[in-house]
Structures are given as structure tokens and as C-alpha cells.
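J.: Have a look at the structure that comes next, please.
A short reminder: the numbers here are calculations on the coordinates, not readings from a lab. Values in this document were obtained by computation on a predicted structure and should not be read as measured data. As a convention, Cβ positions derive from the backbone with ideal geometry for all residues, glycine included, and neighbour counts pool all protein chains shown.
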Amino acid sequence: MPESFDIVIVGGGHNGLVAATYLARGGRRVLVLERRSTVGGPVTTEEFVPGFRGPTGASVCGRLRPEVLEDLNLAKRGVQFIPAEPEVVAVGDGPALRIFRNVPKTQAELARFSQKDADTYPRFVEFLSRFAAALDPILAMPPPDIASPSLAELTGLLGRALRFRRLGKRAMQQMLRLPPMAIRDFLNEWFETELLKASYAVDALTGTFEGPWSPGTAFGLVPQFLPDGHGARSAFVRGGMGSLADALAKAARDAGATIRTDAEVVHINSADGRVTGVELAGGETIGAQAVASNADPKRTFLHLVDPEELSPEFLLHIRNFEMNGVVAKVNFALAGPPKLPAAGDGVPPHFRVCPSLEYIERAYDDAKYGQASGKPVLDVFVPTVVDPDLAPPGMHVMSTQVQYTPYALRRGGWDTEREKLADRVVTILADHIPGFERLVLGRQILTPLDLEARFGLTEGHIYHGEMTLDQSLFLRPVPGWSRYRTPIDGLYLCGSGAHPGGGITGAPGWNAAREILKDWPRRGR
Amino acid sequence: MAQRYDAIVIGGGHNGLVTAAYLARARKKVVVLERRHVLGGAAVTEELYPGFKFTVCSYVCSLLRPQIIRDLDLPSHGFEVIPQESSFTPLPDGRYLFYHGSEEDTFQAVAKFSRRDAEAMPRFGRLMARMAKFIAPTLTMTPPDVGSLNPSELRKLLALNKQVKTLTEDELYTFARLMTMSAADYLDEWFETDVVKASLCSSGIIGTLLGPRSPGTAYVLMHHYMGEIDGAYRSWGYVRGGMGMVSEAIARAARQFGAEIRVNAEVRRILVRNGRAIGVELASGEKIYAKVIASGADPKRTFLKLIEKSDLPADFVRGIENFKIEGSSGKVNLALKEAPSFSCLPGNGVHLQGAISLGPSVDYLEKAYDDAKYGDYSHRPYVDMCVPSTLDPTLAPPGKHIMSCFIQYAPYSLRKGTWEERREEFGETVLDTIEEYIPSIRNIILHRQFLSPWDLEQMIGLTGGNIFHGELTPDQLLFLRPTPGWAQYRMPLKGLYLCGSGAHPGGGVMGAPGLNAAREILRDWALLRV
């Protein structure tokens, strides 16, 4: 193995693996260094109770970019997406609402609650779908260089603006109006069914430290409506999320990249403003012409890089980058199927406890004052419904995403709060699943503190930083440094801390790889 | 007998009066029709009790466009601003934050809490002033019709772009962040002292149904730095004679140019024929006709009460129905037999002359907001208080005072009960809060007036009791105000214009909507489009 590589990628998360593949295909010698024994970061499957394998990070796949899906031949590499059907069941007080991928089916279901909403539903889906489709290209390119856009960029920008304009003046105006709105206000303009609104609010707010009343949250709903070419919304991966990570690693290796696990990078070396390589725990140094960090911006710039290499302004911005994670996970090993009478027969593979917008807002209120929600929002996945091999026959894995569980607690710490949190989750689930407590054979609790320790996610933030408007596009992660490059020449960001942010899309990795290759001619020696 | 004018202005609020003055100055025959017996809308002074002039709603002036002051020569009509330069925030523990206008004094005051914050304050102020300077010219611009491919609209976009280009890259980013961040988060980056942050945050929440942690409130921080009095930014001031004198001075200017102003003349509906607004009908049944009808009433009142829905495009009506106009503020006005005394700084001192904030921490403000979200008034409200009679003796008999208290939050829609039922209880809650800082307050009250948003609606005609004629959130600003496609003062009926705060640039006592509307009306007249 050569001692020097063209590019070292710090962290074998899914974005790092995607970047590695494209870089290797672009002819570069790439080395991925992963601290853990397995790649994928929070895209992983682990045996959390003997015999039971579950997602310790993401439960389902997000909107994987169609280009990445195709280019990396993930289908041929054994990745099988299994969409949850119904897509989600919204559970509150009273009958649950099933939301299907199929619009007419959802309309029929909605009609049980409100005929008016049933009639409006297709228009809602159409409006957001058109918006998402128009937005799509922006996700697959670096944010514009605000200060001095090149002519190519200006024409590109104009093209994008015209694309929006071609949707019709009114539609365009409605789309311009949407991003700063509170998701509650936006949804109240369309619907009256509380469960429907609450479920969409959960979609828009997952992983975000805001509530439905917060302005700017409506925008979080748009990416949920990206065209179907993007993997599938709320899709499980057969064999668990780890299969996706494995396939990504295989694609990278097949392209010629080297992946080393159990290799923790403790320092990114640089001199005179240029990157020179990395240092591992244990002292080994590896030289490289470029380093792409898949770690989040805080970890990268405050722990791995020499502070003298960065300006005080840049460091201040990074310190101010909002990262307070609000998501915890509780995985359950269940002796039998968790039945939800409110949802009808059978076990829904994906359901959420979100009785109303106010329920979500009150959960957020608690977090504002530094406490875990007394009545948290639960987004629950039961992968064994579609993928039974994850548990012994007849038994089940239930993975619960809990919100809001702020990393920074004002009183006490997560070590003492951990069990209380899980107990709270059990109590809520027991309300909807008769006999739930008796089903539980074992449980695993991952608070934001645990997510930080396990996956290196600073402050347990699953998206490497808040995805609010003020930390999006040309403001992510730091104003002026939103195009994957950093103040240190040869150091790049390729993870969710860069545009277009988190979710399992592969977009940051792909975009970063292209930019690194673009810069290469003036870099290579 | 039907009367014919060139223009009718519905509502004698300050914006409507500005429009009337500019139209009259251009030799148009104008009549202003005001429902109440007194002019000014929410910029009004009323002698509710002999000798005591209550500045009933609005209480400070700062954003009134200098152009209007100059064009209408308002000082010659009695308009005079007394600068309000100090800020006093008492704390429950007996400490307080108090500074005058000077940078040195502010430094000392803040340094008592944190030297770091004291050093940051001037830098912060300068940045806000730079941002405000960038925004200020846009207040008197007509918003471009975004999405229009019309060359004149594209020219407007380019003009706006030129404005944007005056910013450095850093300033551009700052602007983007101010538009999207919460006041609390933005201030967290600058300051460490809670009371410093709280005192700055409070300007971010005035008149809104948002809390200091709500994204977008950082923008309003900047808005409040736009005050220009004699060229100095962030200088708020009292108007001699109360805020009613702003309206009165504008009215005098309008009359001097030949405008007719009628009070006790409530417009019941706008008369429409063949898609044109042709006049109005008063509550008395009297009909008045004109080529131009400019409404200074808020968008919901104008389009949902004064006009038949069937006369307006369905989309437009839907947009107006979606326009957020929930009021969130109350007012407590008191006549006092002597100057109030704060337990943390007893006596009648300079600290009583400026802005007084009862809102000791960011959490306090946020918790006050939480109550409002769920349909109740804040049980520990934020009180923005002033005692203008300390600088303007015309407002009260010698030795006595009037105290104006602006309250957040008091949501228009209560979940339990009605405002009529709960007004007293609300007022008492406010007095309880004041009593924590001024123990003798209840003993020195001679007269009191409690105003809920419902009262503001009943009294002044503000739908929802919203002081800004609609929330000032980004989805309702600029080319989106009051609704997309109708942000240039022209409304869907020929001859009908919106000239109040429901149009760009929104609320506050700016006069800008009135000025911009007048400009568009005169332009249309010149192009014979009227």
C-alpha cells in the first residue's frame, strides 16, 4: 500500500464513501479512514440484543440521489429498498390516519376524517411535487458564489430562476412565499385534519430544533416530495441499513479506493495554509494532496485542524454553527408483533405518535428550556414487518426516534436521564400498543450524548448541524465557505455539514467529489 | 346629494392622511373619511380624563420618513420630536441596566454586567446601523412584481439588485442571517449577559406573534435601528402632544393643500361597477363618488368587509383570507398622581424619561410568548413602558403623569372566555407585574385604561387588533404584502388602492405606505390609467 495518497477521506460515512467512489473513478488514489470497525457511520445495522439486529442510527433511507443510485449500481450491489406501506400511520387520540404513497388511497383514508381535506390532498401533493422538482437541481450543485459569481454561474442561476418562472407566475409566487412560513401556518392553509398536519410537521421537523410554530419550518417539507427516482421515501433496506453502507463501500473499493477501518484520524496536518495529510491515533501519518472530511464542521475545524490555520472570524462562525441535537433512539427487541388497534389489523412498519401540532410544539417548548420533552414525539419503525430476518422468527425489532431530547440539558445530564427517557417512551407506546411492556425483551438507548460517542456526531446532531434556513445554501456551514472548500487549501468538507445538508442523499459527497476533481489540475504534482 | 371628488381616502390614520396630503399637493380634490370622532387611527392622542392626554396606542416615533417630514413641512404644523435616548431595564434582584445615548455611558452601564458585552455593543450597533441604512431606501420603493417579465418590473428588480450590491460580502451574509435567525440566537453570538440580550430582543417581538427564539425575529432588530431623527439612527422619540400630533400635523398639511377631512364619517362599503371602484357609501347612507379610492384600512377590513367577495378574484380573496393579522399586543394606559418610583432606582430620575422594559431575561420573554401560542395572555407579560410626561409637560397636569404600557402578549383569539370578560383580569395581571418593580403603582393610579386586541379592533378598526395591519414576517413582506401579485398598491378593482400598513413596507408609524401609494396613484393618473 502506497504511503502517500492523492486524497484521504476522514470518516467512512455514507457521504465519504460516495465521494471516494467518484474520486477513484476520476482517476485519483483515494484512502478512506474510518474510526470504527464498520463503515457507514449512522447508516448501519448492529446487534443490539442477542439475535436482534437494528438500526442504531438512521432507520430508513432518505432521498438517495438518483445519479448516485445509478452510477454506483447499488441495485446490482445488493441494495434492495423496501418502501414502508402504508408510508406512515399517524397515531394520536382516536382513530389513526394511514398515509399511503398512492394518492387516491390516501384520499379515501382522509375522507374518513374530512372530505374537504380528501379533495384538497392531490393539489397539495402536486404543488409540493412541482416545487421539489424545480428545486432538485439546486441540491446537486454547489451553492452560488454570492460575492463574485462567474458568468457560467450567473447563467445557471438565471436558468434556475426561469425554471421556476415556467411553473407559472402564481405558482412561483406561492413557492417564494413558502420557505419563511411556519409549517403550522402553511398546513393550516390547506388542511383541517390535525393528524395529517401533525404528520407532515414531523416530516418537516425531524432532527430540527424548532417547532411547528417556528417560522422557516415550512421549507423542510419540500424535499419530502422529491420525485420517486430518489430511492424511496421512508424505505427500509433489506438486511438493515448496514447493507447500504456495505454496498457503498463495495462500490468505492471496486472503483479502486482503499478503505481502512479501525483507523481513527486525530489530526489533519497542514503547513502554511496547505493540507499535507493526516495523523492517526497511534502516531501513523499519511501524506496526501487533499483531504476531504466527512466529519461534521465542528469536529473538523475545532478538533482535527490546527486553530492557527484558521482566522478568528472563521472559528467564531464554526463555534456559532448550531448543532444541538434533539433526537434520541430507543431500540426494542420484541417477543412478538406490536399491534396497534387504532391502525387496524396487522403491524404498521412505520407509525408515529403525533396527536396534533400543539403536541409537537409543547414537546419543543420543553426542549427550549433545556429539558427532554415530557411528552415526546415518537417516529417508530418496525423493519421486521418487511424484513423478518433481522430478528428470530415471530419476533420483532422496533426502532423509535424520539424528539425532542436536546443534547445540552440544563439540569442533570444524559447519563442520569437516559433510563427515564426510555421509560417515558415505553409508557407512551403502551398507550397505543396493548401489552407493549410485556413484549419488550430488551432495549437499547442512544441519547444525543451516545450518538456523539458512537458515531462522532458533534452534540449528537444527525444532520451535522441544524438544517434551518440560516444554515442552508450559501450559509452552510459558514458564510463564504459553502462550496466544499475550506480556508485551508486542499481541505474539503464532504459530509452533511455541507450543502445540501443531511439525510441519506449522498449529495454532499457527490458534489464535493466533483469540486475536488475540478480543482485537481492545479493541485496535482 | 352625491359628491364627486378626484380621490377618497378611507380612514384617517397617519398613512391615509399622508396619501391625502400628497394627492392634494398634486392638486387633486381629496376627501378623507374617518369613522371616529378623532383622527390618527392608532397614532392618536385622546384626553380621556381632563388634563391627561393619553397616547392611546402608538407611543414613540422613530420611523417616520424624513422625506415626509420635509415634503409636508410637518414642523410648521406642530410636529416636534423630543428624543428618547435612554433605556432602562430593571431586574427582579434589584440590579438594573440603564444607559443614555452616549457610547461611553452605554459602555459603563453594560460593563457593570460584562466587560466583553460592553466592548461588543458599539460594534453591534454599527453593524445594525449599516444594515438599517441599506434597508431604509427600500422603504420608499414600490416592491417589484416578482415573476413579471414586464421590462419596468425587471428594471425595479435591477434597482433592488443595485441596492444589494452596495453591501459588502460580509454584510450580505449578515443580512441573510438576520432574515432567517431568531433574535435570541443572533444575540447569543454577540453577548453573554441575559439582560443585555433581553433588552435588545424585546424590539424583535413587538407587535408580533413570535418569541425571541422564533426564526426571523433578528430582522426586526434591524428594523428598529432604522429610526432617523435628524439623521441619527436608532433614536426613538416622543412627539410633543402625543402620537396624535403626528397625525394632526399631517392632517394640517393636507388641509393646507386643500384636502377635505371628515370625522364621524364611517365608510360602510366601497361602491363597485363593472370591475371599477367608483365611490363609497357611508354608514349614514350618503354616497360619495371619486375616480380613486385609497383605503388606509387593513387588507382584511378593506377586502372582506367593505367589498362583496364576488366583486374580487377568488385567488385574491383566498390570499387575503390567509393573510396573518392576529393581534398579539395589549395596552395599559395610566394617569398617575405622581412620578412612579422603581424600587431598584427610587425617585424621579432620568431613567424615567426613556424606554423602560419589564422583561429581565430571554426565557421570560419566550415564556410570555408560550402562553400566547396556546390562546392565553401572558401571565408574566413583557411590558414596554414609558412616561412621556417627564419630557412633555403638555400631557398631564403639573406633577402628575401619564404612563403608557405596551404589553406582549395578549393574543386576539383567546381559548377561554372573551376579551370583554377577561380584560380586567388581564389589566390586573399587568399591574401585578408592574408592582414587582414599582411597589406603589396601585396607590398612585388616578385613572386606568386597559385595551385588549379586541378593544383595538373595536375602537380603531384594526382587524384582529394587529397594530401592523398584518404580521411583518418575510412571507408577508415586500412583493408578498398583502398578497403575492398585489404588492404595488394597486388592487384588483380599477381605481382602488391600498395605502395603509397592510402594504409595503408594513407597520410602524412610517408613513411610507401612504407615500408610496400616493406616488403610484399619481403615476397612474399621469398615464391616464385611472
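J.: Exposure proxy check: B:C499, B:C386 ranked by fewest other beta carbons within 10 Å? Mind showing how you got there, number by number?
T.: Details: B:C499 32, B:C386 25.
Listing B:C499, B:C386 from fewest to most nearby Cβ atoms yields B:C386, B:C499.
J.: Please arrange B:V32, A:V8 by counting, for each residue, the other beta carbons lying within 10 Å of its beta carbon, fewest first.
T.: A:V8, B:V32
J.: When we measure straight from the Cα of B:K112, which aspartates and glutamates land under 18 angstrom away, once same-chain ones fewer than 8 places off are left out?
T.: B:D93, B:E103, B:E104, B:E192, B:D194
J.: Per-residue mean of other chain beta-carbon atoms within 10 angstrom of the beta-carbon, peptide B:467-479? Intermediate results must be reported in sequence, preceding the final value.
T.: On the way: counts 0, 0, 0, 0, 2, 0, 6, 8, 12, 3, 1, 1, 3.
That works out to 3 on average.
J.: Once you have a ≥ b ≥ c as the square roots of the Cα gyration tensor eigenvalues for segment B:303-402, tell me rounded if a/c is under 1.5, and otherwise prolate or oblate according to whether a/b is larger than b/c. List each step's numbers first, then the result.
T.: Details: a/c = 4.03, a/b = 1.91, b/c = 2.11.
Oblate.
J.: In peptide A:167-180, what is the residue-averaged number of other protein chain Cβ atoms found within 10 Å of each Cβ?
T.: Values: counts 1, 1, 7, 5, 1, 3, 10, 4, 2, 8, 9, 1, 3, 11.
Other-chain Cβ atoms within 10 Å of each residue's Cβ, averaged: 5.
J.: Can you give me the Kirkwood hydrodynamic radius for chain A, using every pair of distinct Cα atoms, in Å to one decimal?
T.: On the way: mean 1/r = 0.0426 Å⁻¹.
Averaging 1/r across every pair of different Cα atoms and inverting gives 23.5 Å.
J.: Residue farthest toward the positive end of the dipole of chain A, with Cβ of Lys/Arg at +1 and Asp/Glu at -1: which of A:G497, A:N269, A:L72?
T.: A:L72
J.: Among B:N443, B:Y382, B:S343, whose Cα lies farthest out toward the positive end of the dipole of segment B:324-467, if unit charges sit on the beta carbon of Lys, Arg (+1) and Asp, Glu (-1)?
T.: So the residue we want is B:N443.
J.: On to the next question. Could you tell me the center-to-center distance, by alpha carbons, between segment B:341-355 and segment A:140-169 in angstrom?
T.: 55 Å
J.: Report the relative contact order of chain A, percent, no decimals, based on alpha-carbon pairs under 8 angstrom and at least 6 residues apart.
T.: Details: 1160 pairs, mean separation 126.8, N = 525.
It comes to 24 percent, rounded to a whole number.
J.: Sorted by packing (mean other beta-carbon atoms within 10 Å per residue), highest first, where do B:346-353, B:155-162 land? If you can, show how the numbers build up before the last one.
T.: Details: B:346-353: 16.2, B:155-162: 13.5.
Most protected by this proxy first, the peptides run B:346-353, B:155-162.
J.: About its Cα centre, what dipole magnitude does the protein assembly as shown give when the only charges are +1 on Lys and Arg Cβ and -1 on Asp and Glu Cβ, stated in debye to the nearest 20?
T.: Numbers: 117 positive and 119 negative charges, 726 e Å.
It works out to roughly 3480 debye.
J.: Let me spell out the model: positive unit charges on the Cβ of Lys and Arg, negative unit charges on the Cβ of Asp and Glu, origin at the Cα centre of chain B. What dipole size does that give, in debye rounded to 20?
T.: Roughly 2220 debye, rounded to the nearest 20.
J.: For the protein assembly as shown, what class follows from the C-alpha gyration tensor (a ≥ b ≥ c being the square roots of its eigenvalues): rounded when a/c is under 1.5, otherwise prolate if a/b is larger than b/c, else oblate?
T.: Prolate is the answer for the protein assembly as shown, as a/c is 1.5 or above and a/b outweighs b/c.
J.: Under the definition of partner shielding as Cβ atoms of other protein chains within 10 Å of a residue Cβ, what is the mean value for peptide A:118-131?
T.: Average neighbour count from other chains, rounded to a whole number: 0.
J.: Just to confirm a number: summing +1 for Lys and Arg and -1 for Asp and Glu over residues other than B:T45 whose beta-carbon lies under 12 angstrom from that of B:T45, what do you get? Before the final figure, lay out the partial values.
T.: On the way: positive: B:K53, B:R240; negative: B:E46, B:E47, B:E248, B:D392.
Neighbour charge sum, excluding B:T45 itself: -2.
J.: Would you mind checking B:K197/B:K400; A:K375/B:K367; B:K165/B:K197; A:K116/B:K309 for any pair whose Cα atoms are more than 25 angstrom apart?
T.: Values: B:K197/B:K400 33 Å; A:K375/B:K367 18 Å; B:K165/B:K197 31 Å; A:K116/B:K309 21 Å.
Among B:K197/B:K400; A:K375/B:K367; B:K165/B:K197; A:K116/B:K309, the Cα-Cα distance tops 25 Å for B:K197/B:K400; B:K165/B:K197.
J.: Let me ask something else. Using the crude model of +1 on Lys and Arg Cβ and -1 on Asp and Glu Cβ, and no other charge, please compute the dipole size for segment B:275-387 relative to its Cα centre, in debye to 20.
T.: Details: 14 positive and 15 negative charges, 72 e Å.
The dipole magnitude comes to about 340 debye.
J.: If I take all pairs of Cα atoms in segment A:1-103, what percentage of them are more than 16 Å from each other?
T.: On the way: 3754 of 5253 pairs.
The share of Cα pairs beyond 16 Å in segment A:1-103 comes to 71 percent.
J.: Report the one residue of A:P341, A:P307, A:N324 whose Cα lies farthest in the direction of the positive end of the charge dipole of segment A:304-351 (charges on C-beta: Lys and Arg +1, Asp and Glu -1; origin at the Cα centre).
T.: Working it through, the farthest residue towards the positive pole turns out to be A:P341.
J.: By its C-alpha gyration tensor, with a ≥ b ≥ c as the square roots of the eigenvalues, how is segment B:229-309 shaped: rounded for a/c under 1.5, else prolate for a/b larger than b/c, else oblate?
T.: Working: a/c = 2.54, a/b = 1.98, b/c = 1.28.
Here segment B:229-309 falls in the prolate category.
J.: Okay, next question. Can you spot the lysines whose alpha carbon is less than 18 Å from B:K291's alpha carbon? Ignore those fewer than 8 places along the same chain.
T.: Leaving aside lysines fewer than 8 places away in the same chain, those within reach of B:K291 are B:K28, B:K29, B:K494.
J.: So which trypsin sites (Lys or Arg not before Pro) in segment B:371-439 are both in a DSSP loop and have at most 14 other Cβ atoms within 10 Å of their Cβ? Present the calculation step by step, with values, prior to reporting the outcome.
T.: Working: sites: B:K373, B:K400, B:R415, B:K416, B:R422, B:R423; in loops: B:K400, B:R415, B:K416.
Sites meeting the loop and neighbour criteria: B:R415, B:K416.
J.: Given Cα pairs under 8 Å that are at least 6 residues apart, what percent is the relative contact order of chain B?
T.: Values: 1207 pairs, mean separation 126.2, N = 530.
Relative contact order, chain B: 24 percent.
J.: Further, regarding this structure: Between A:S150 and B:L157, how many nm apart are label points set 7 Å from Cα along the C-beta direction?
T.: Simple spin-label model gives 2.4 nm for this pair.
J.: Over 32 Å between Cα atoms: which of B:K305/B:K373; A:K298/B:K324; B:K162/B:K331 fall into that group? List each step's numbers first, then the result.
T.: Working: B:K305/B:K373 27 Å; A:K298/B:K324 38 Å; B:K162/B:K331 41 Å.
Check vs 32 Å cut-off fails for A:K298/B:K324; B:K162/B:K331.
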